[in-house]
Amino acid sequence: MNFAGKELDPATPHVMGILNITPDSFSDGGELFSENGKLLLDKIMQRAEAMQQAGAAILDVGGESTRPGAKPVSPQEEMDRVLPVVELLSSNLDVIISVDTSSAELMRASAGLGAGLINDVRALQKPGALEAVAETRAAVCLMHMQGEPSTMQNEPEYHDVVVEVKEFLNQRIAGCEQAGINRERIIIDPGFGFGKNLAHNLELLGRLSEFKQLKLPVLVGLSRKRMLGTITGRPEKDRVAAGVAAASIALMQEVSIIRTHDVAETADAVKLYRALENK
């Protein structure tokens with residue numbers, strides 16, 4: 001699969017490291033800002049280099065928290081957070097840069113600075129998003145979310161969560177193709193924790209293999225999620241083992257990308273899976 005000039009084989013699983021440039025993300029918000037709110041670019045670079053060395057093939061840069069209950073930020077504030085980081089990473093690291101955004105303006109600008117993947121929790125549904133991605137060479141990840149971050153956990157309901165999420169993603173894939181974004185550029189994400197309760201998340205995890213019916217690479221983000229805390233009783237930063245276990249369950253169902261805060265541990269799980277596949 002091509003990410004604006006950089007290649008990854010979707011038949012082999014890869015690790016995506018999370019780089020949140022936000023003051024309020026659920027697990028690591030605020031860690032990359034100074035006390036007066038300025039970006040700590042040296043610290044961001046150190047973290048990015050550490051994730052790449054630990055095994056991340058993709059770094060996912062986000063400037064707006066999408067945790068449950070999160071409030072939106074202005075487009076300009078999101079751009080001010082993200083674009084300096086994209087420019088820094090693209091100038092210094094040989095890694096695929098992903099930008100976690102729903103903003104058409106930021107999609108265009110970040111692709112112009114070297115981002116190879118647009119990771120959109122709203123699946124290009126905001127005005128101008130489809131057209132923005134179509135104008136770039138970037139790949140796109142379409143995620144399912146029921147509702148918006150501020151309200152998505154208010155009693156989500158499904159008749160069959162897997163069937164309904166697949167139907168939504170199929171519709172968004174068709175919308176991309178109509179806009180001129182061919183299938184070779186598309187990744188899908190069922191959206192663990194985005195408008196789903198614990199039962200929905202477990203159903204998705206147990207039936208991830210059914211998403212292969214869409215014949216596209218599948219990305220999953222399970223790292224430090226609330227579902228893991230509900231099951232284990234552990235706070236966010238103590239959910240590494242549960243996150244790696246969940247990633248391993250996903251790997252056994254042939255997902256292509258694992259999005260995680262805990263790159264080294266997840267990369268070890270991927271190495272073990274690859275060894276098993278290649279024995």
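The values are calculated or read from the model by the stated rules, or taken from the named source; none is laboratory data. Keep in mind the model is a prediction, meaning the values are calculated, not measured. A quick note on method: Cβ atoms are made from the backbone with ideal geometry, for glycine too, and the neighbour counts reach across all protein chains shown.
Within the set ILE187, ILE173, the sole residue that is part of a strand (DSSP E or B), at pLDDT 95 or above, within 19 Å of the chain's Cα centre (by Cα) and closer than 25 Å to GLY147 by Cβ turns out to be ILE187. Every listed requirement among (1) within 18 Å of ALA247 (Cβ to Cβ); (2) not in a helix (DSSP H, G or I) is met by LEU216 save one, (1). Just name the residue that is nearest to THR12 (Cα to Cα) out of those in the stretch 65-88 that are buried (at least 19 other Cβ atoms within 10 Å of the Cβ) and touching a strand residue (DSSP E or B) at 6+ places or on another chain (Cβ under 8 Å). Across the stretch 65-88, the extreme among qualifying residues is VAL86. Using the structure shown, decide if ALA50 is at pLDDT 95 or above, aliphatic (A, V, I, L, M) and in contact with a helix residue (DSSP H, G or I) (Cβ under 6 Å, 6 or more places away or on another chain). Here the answer is no, as ALA50 does not meet what is asked.
Restricting attention to the stretch 208-235, the residues being crowded, with 17+ Cβ neighbours inside 10 Å and not aliphatic (A, V, I, L, M) number 7. Taking the stretch 86-102 as the region of interest, how many residues are closer than 22 Å to VAL73 by Cα, of a type in the set (S, T, N, Q) and out of contact with any Lys or Arg (no Cβ under 7 Å at 6 or more places or on another chain)? Total satisfying the criteria: 2.
Looking only at residues in the stretch 236-261 that are in a loop (DSSP other than H, G, I, E, B) and not β-branched (Val, Ile, Thr), the one that is surrounded by the most Cβ atoms within 10 Å (Cβ to Cβ) is ARG239.
Can you tell me which residues in the stretch 106-150 are farther than 14 Å from PRO72 by Cβ and in a helix (DSSP H, G or I)? Selection gives MET107, ARG108, ALA109, SER110, ALA111, GLY112, ALA129, LEU130, GLU131, ALA132, VAL133, ALA134.
When GLY180 is tested against the conditions (1) closer than 21 Å to GLY195 by Cα; (2) more than 19 Å from the chain's Cα centre (by Cα), the lone failure is (1). Taking each residue of the stretch 246-262 that is free of Cβ contacts under 8 Å to residues at least 24 places away in the same chain and looking for partners that are crowded, with 24+ Cβ neighbours inside 10 Å with beta-carbon atoms closer than 9 Å, six or more apart or interchain, yields nothing.
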